[in-house]
Amino acid sequence: MSAGRAAVVCGLGTWLPPRVVTNDDLSQVLDTSDEWIRSRTGIGQRHVADPTMATSDLAVEAGGRAMKSAEVDSVDAVVLATTTPDRPCPATAPLVASRLGLGTVAAFDVVAVCTGFLYGLATGAGMIATGGAERVLVIGADTFSTILDPHDRSTRAIFGDGAGAVVLRAGQPDEDGALGAFDLGSDGTGSELIVIPSGGSRDPRRDPDRPAEGDADPYFRMAGKSVFRNAVERMTASARKTMTDVGWSTPPDVLVAHQANLRILHAVADRVGIARDACAVNLDRVGNTAAASIPLALADATLSGLLRPGHRLLMTAFGGGLAWGSCTMRWPAVTPG
Ligand code: UT7
């Protein structure tokens with residue numbers, strides 16, 4: 001980012017669909033139990049959108065709340081991080097922008113699965129740094145319930161639906177809320193570890209009952225154990241690199257990491273040297289909400305008092321791609337909407 005101009009967080013909003021599915025609810029329909037899910041993941045429940053809802057509905061709610069929190073009624077661009085767009089084409093962001101009454105602003109989707117929000121933040125920050133925008137609305141929204149195999153206990157136990165958003169404005173690098181160092185990375189050799197096998201150009205079969213060859217698989221699949229190991233290694237390395245780049249010699253005050261699994265969060269915190277009680281944790285109540293995970297955890301940590309203005313904050317995420325990222329900042333005085 002050029003000296004003298006930084007992207008500054010000035011608003012935060014979230015939205016969760018009202019319907020809650022507990023572990024006990026899941027154990028009524030799947031071979032699982034509250035004990036297994038809690039002890040292996042830390043998750044106790046998740047929110048699930050009604051079938052009438054699409055990702056744009058969640059994104060509009062969170063985006064509108066973020067703009068209210070920032071006390072603004074216009075932005076120059078909308079960046080929507082999602083893996084579950086309303087439709088494969090077009091992008092969902094233009095619809096979200098128009099439903100928010102933002103007129104003809106730039107609007108596009110970013111796909112980096114569970115790291116999507118941090119990629120979206122970096123994109124928005126870049127638009128501000130280069131003078132292409134004064135204000136950007138960055139939203140992370142996903143309805144993973146729409147892509148999960150109803151019979152797959154290993155994914156249904158983990159994922160939930162939700163949305164979170166921030167407003168970025170042009171400001172100074174030394175202000176609270178100014179985004180600091182970013183580290184973004186990817187490793188496509190692991191692209192099969194988190195994948196929806198069918199429905200894209202690699203395997204475009206539309207009708208699972210009439211496959212061209214073999215079985216079409218339109219559902220989200222995850223190789224849990226490999227993903228677990230990669231998540232710990234990549235987030236740890238990325239977090240350390242970001243802290244070095246920004247010049248922090250002591251651990252941050254708060255870690256907001258992608259809410260995939262409590263065991264992953266603790267492993268990353270231990271390796272980076274951050275106390276476990278300095279980690280934001282809301283996965284017990286919302287599960288893994290993919291691109292919405294970081295902003296939902298930011299809001300939760302702010303409302304609980306864990307994250308306060310002036311705190312040195314480290315955010316880190318990992319997910320499909322494989323893709324990962326981290327970002328630092330000093331937390332600003334924002335009231336989540
Ligand atoms: O958001 C993107 C990043 N995602 C992640 O970081 C997720 C990373 N992975 C994980 O969190 C964990 O790997 C899981 C929670 C997905 C799975 O936990 P695990 O301890 O790695 O279990 P596993 O996949 O090795 O499975 C062990 C056993 C298997 O049974 P068998 O083959 O040993 O008989 C699974 O079928 O646990 C079984 N299992 C379950 N049992 C009850 C898997 N899911 C469940 C379930 N309830 N929900």
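Could you work out the Kirkwood radius for region 6-171, taking every pair of different alpha carbons, averaging 1/r and inverting it, reported in Å?
Kirkwood hydrodynamic radius for region 6-171: 16.4 Å.
So what is the relative contact order for region 6-171, in percent, with contacts set as C-alpha pairs under 8 Å and at least six apart?
Details: 370 pairs, mean separation 57.5, N = 166.
Dividing the mean separation by the residue count of region 6-171 yields 35 percent.
³J(HN,Hα) across region 229-246 via Karplus (A = 6.51, B = -1.76, C = 1.60, θ = phi - 60°), whole Hz, x for Gly/Pro?
Couplings: 4, 4, 4, 5, 5, 5, 5, 4, 5, 5, 4, 4, 4, 5, 5, 5, 4, 8 Hz.
Restricting to DSSP loop positions (anything but H, G, I, E, B) with no more than 11 other Cβ atoms inside 10 Å of their own Cβ, which GluC sites (Glu not before Pro) remain in region 9-99? List each step's numbers first, then the result.
Details: sites: Glu35, Glu61, Glu71; in loops: Glu71.
Answer in residue order: Glu71.
May I ask you to evaluate 6.51 cos²θ - 1.76 cosθ + 1.60, the Karplus curve with θ = phi - 60°, for each residue of region 250-261 and list the ³J(HN,Hα) values in order in whole Hz, giving x for glycine and proline?
Calculated HN-Hα couplings, in order: 10, x, x, 6, 9, 10, 10, 10, 3, 8, 9, 6 Hz.
Taking H placed 1.01 Å from N in the peptide plane, check which residues at least 5 places from Gly199 or on another chain put their amide H under 5 Å from its amide H.
Long-range HN contacts for Gly199: Arg205.
I need to check one value: relative contact order of the chain, counting alpha carbon pairs closer than 8 Å and at least 6 residues apart, in percent.
On the way: 865 pairs, mean separation 87.1, N = 337.
That works out to 26 percent.
Given Cα pairs under 8 Å that are at least 6 residues apart, what percent is the relative contact order of region 139-183?
Relative contact order comes out at 36 percent.
How big is the convex hull of the Cα atoms of the chain, per residue, in Å³? Don't skip to the answer; put the middle values down first.
Values: hull volume 43.5 nm³, N = 337.
Measuring per residue, one finds 129 Å³ for the Cα hull of the chain.
Out of all DSSP beta bridges in region 6-171, what portion is antiparallel? Express it as a percent rounded to 5.
Working: 20 of 30 bridges.
About 65 percent, rounded to the nearest 5.
Using DSSP to define loop residues, name the trypsin sites (Lys or Arg not before Pro) in region 236-304 whose beta-carbon has at most 11 other beta-carbon atoms within 10 Å.
Listed in order of number, the matching sites amount to none.
So what is the calculated 222 nm ellipticity per residue for the chain, using -39500 (n - 2.57) for each DSSP H run with n of 4 or more, over all residues, to the nearest 500 deg cm²/dmol?
On the way: 10 runs with 106 residues, N = 337.
Helix contribution divided over all residues of the chain: -9500 deg cm²/dmol.
Could you give each residue of region 284-289 its phi-based ³J(HN,Hα) in whole Hz, using Karplus coefficients 6.51, -1.76, 1.60 with θ = phi - 60°, and x for Gly or Pro?
Residue by residue, region 284-289 yields 4, 9, 10, x, 8, 9 Hz.
Since every read-out is calculated from the coordinates, none of them should be taken as a lab result. Not measured: the values here are computed from a predicted model. Cβ sites come from the backbone with ideal geometry, for glycine too, and all protein chains shown count toward neighbours.
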